[in-house]
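Below is one structure, written out as structure tokens; the observations come after it.
The values are calculated or read from the model by the stated rules, or taken from the named source; none is laboratory data. Since the model is a prediction, treat every value here as computed from it, not as a measurement. Virtual Cβ from ideal backbone geometry, glycine too; neighbours counted across all protein chains shown.
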Amino acid sequence: MFAFEKEQIVHTIGGIRIGGVPGEMPTVLAGTIFYGGHDVVQDARKGVFDKRAATELIRVQDEMSDTTGNPALVQVFSESEKAVTKYLDFVAEVTDAPFLIDSTSPEVRIAGLRHAQEVGLLDRAIYNSISVSITKDELASLKDIHHDCAVILAFNPHDSSIAGRRAVLEDGVPGLDKGLLKMGEEVGITKPLIDTATTAMGAGAGSSASFIFVAKTLYGQPTGSGVHNAPSSWSWLRKYKKTNPDAYRACDVASALIVQMMGANFILYGPISNARTVFPVVAMADIFAAESSSVEFGVQPSENHPFRKLL
């Protein structure tokens, strides 16, 4: 393990703590629900879904979180403004976990954030995300709502290197006159979560993972990624999956270890149905990190850390 000269910031979001040095806080895990093609969704536009099945998925994630000590988030994906309000109300009712408001549509994301504001859920909400594709209307809405927590996505469409990812956070890219971190500050984001933007293997996945260490060194903010997107976009593995599906599942879950070894504070691990497999793997790496950091740097793991709960 390693230590950082830069102070490592810890944010509290909906009662969970995220950030810090490796071995101090357990890695926070976010499973996605209601994503495109999710079998619990019956009508993605209207927000109709199998409530019993969705409840069970969230219950299992909460159970694994309680067992390992790794805090859980629910990444709520929505395709319409009507759906996002239904999904958020449901998630808030069945779990106390914080949630990410996610969509490919900025209008849907903003509708979700406004709904969270109206029903008193902003303290549990994470806006996903502020990125190079952000619109003027979206920025204006974020400034109006003045929410404090958002994912800052370090995706640079022109340069997938570490330098390119740093540039998009600090300086902007063509079409943006400032970096995303500054942009977030200007709309009221005081609890940024830096997502290093996992790209496909062979197209910047390695730089994305490495940038976790670099970002924590430079900014000290909680940092992580949706690293499962790398194996899921690996064309060879997708073909091999047809004859050996276990290999695909192993690569999908094991990808979390790559970013943990770079110091990741949070991982967007993909479908929430993978919770029973992902949580033990991530807890194992957290125990390694805690043991190393304790012995080598005197960093003590937090009270509910896997190091304390599972040994």
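If you go through segment 50-62 and keep only what is out of contact with any helix residue (DSSP H, G or I) (no Cβ under 8 Å at 6 or more places or on another chain) and either of a type in the set (A, V, I, L, M) or not in a loop (DSSP other than H, G, I, E, B) (or both), you end up with R52, A53, E56, D62.
The C-beta contact set for segment 9-25 (first residue more than 14 Å from S65 (Cβ to Cβ) and assigned to a strand (DSSP E or B), second residue of a type in the set (D, E, K, R) and at pLDDT 95 or above, distance under 6 angstrom, 6+ apart or interchain) comprises V10/R17; H11/K191. When restricted to residues that are without any contact (Cβ under 8 Å) to a residue 40 or more places away in the chain and either loosely packed, with under 15 Cβ neighbours inside 10 Å or more than 24 Å from the chain's Cα centre (by Cα) (or both), segment 285-309 contains 3. Listed by first and then second residue, the pairs with beta-carbon distance under 9 Å, at least 6 apart or on different chains, first residue in segment 40-51 and on the phi > 0 side of the Ramachandran plot and in contact (Cβ under 8 Å) with a residue 24 or more places away in the chain, second of a type in the set (A, V, I, L, M, F, W, C) and assigned to a loop (DSSP other than H, G, I, E, B), are G47/F34. Only one of the numbered conditions (1) among the aliphatic types (A, V, I, L, M); (2) touching a Pro at 6+ places or on another chain (Cβ under 9 Å); (3) in a helix (DSSP H, G or I) is not met by A230, and that is (2). Of the listed requirements (1) in contact (Cβ under 8 Å) with a residue 40 or more places away in the chain; (2) buried (at least 24 other Cβ atoms within 10 Å of the Cβ); (3) not in a loop (DSSP other than H, G, I, E, B), I101 misses just one: (1). If you go through segment 26-37 and pick out every residue that is crowded, with 22+ Cβ neighbours inside 10 Å and assigned to a loop (DSSP other than H, G, I, E, B), you end up with 3.
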